[in-house]
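Read through the structure below, which is laid out as structure tokens, and then see the notes.
The values are calculated or read from the model by the stated rules, or taken from the named source; none is laboratory data. Keep in mind that this is a model prediction, so the values were computed, not measured. When we count neighbours, we look across all protein chains shown, and the Cβ atoms used for this are built from the backbone with ideal geometry, even at glycine. To get the accessible areas, we keep the full protein, side chains included, count just its heavy atoms, and leave off ligands, DNA and RNA. Shrake-Rupley method; radii C 1.70, N 1.55, O 1.52, S 1.80 Å.
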Amino acid sequence: MTSIDQQLEALLAEGRQRLLQYIQHKVSDPQGAEDILQNSLLKALQAAPGLRSREKLVPWFYRIVQHAIVDAQRQRAREQRIHQAYMAEQEAIPHEDATLICECFRALLPSLKEAYRLLIEKIDLEGEDPREVAQQLGITRNNLHVRLHRARRQLRERLEALCTACTTPDHSDCRC
């Protein structure tokens with residue numbers, strides 16, 4: 001272990017709790033703060049052999065910590081933006097789909113296999129949570145997704161075979 005490594009270890013032994021509190025204050029997440037501290041230590045140990053001035057060890061390490069905090073905040077903001085965009089997209093989908101689907105599908109639902117009809121009604125029409133539906137049926141979520149995919153495919157095939165007369169994209173003048 002080099003002298004820099006030993007000094008870094010001593011720095012952490014003396015001020016670890018204070019440093020951790022500082023990071024927690026910045027990120028408001030105890031687990032995230034611990035991760036930032038560990039990642040900062042790892043970066044510092046990897047870069048320590050290149051450090052020329054031992055007197056600048058403390059400010060150098062705090063700069064590494066500060067950069068890690070900023071990176072974590074950027075990552076969290078990016079994840080929040082992605083989540084918000086996803087949620088906005090999910091809210092828009094039902095309304096969008098409702099205007100694009102021909103009402104002929106309702107007449108075709110009884111012609112589907114009972115299990116398929118039930119899934120489409122519960123998940124697509126009533127908006128039930130797939131996890132809850134899977135529990136009610138006593139099947140895994142993966143099995144539910146496979147069945148739902150097959151149900152939708154079967155309904156789509158029957159709809160395409162029956163409904164060929166819709167002349168507008170919103171199916172407002174369907175003559176089936």
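Filtering the range 43-57 to residues that are part of a helix (DSSP H, G or I) and open to solvent by 70 Å² or more (accessible area, probe 1.4 Å) leaves Lys43, Leu45, Gln46, Pro49, Arg54, Glu55, Lys56.
Selection over the range 146-161 of residues that are more than 13 Å from Ile120 (Cβ to Cβ) and open to solvent by 90 Å² or more (accessible area, probe 1.4 Å) gives a count of 2. Looking at the range 87-105, is at least one residue at pLDDT 75 or above, open to solvent by 30 Å² or more (accessible area, probe 1.4 Å), part of a helix (DSSP H, G or I) and not hydroxyl-bearing (Ser, Thr, Tyr)? No, that holds for no residue. Taking the range 106-120, which residues are surrounded by fewer than 17 Cβ atoms within 10 Å (Cβ to Cβ) and closer than 16 Å to Leu159 by Cα? Of everything in the range 106-120, those that are surrounded by fewer than 17 Cβ atoms within 10 Å (Cβ to Cβ) and closer than 16 Å to Leu159 by Cα turn out to be Arg106, Ala107, Leu109, Pro110, Ser111, Lys113.
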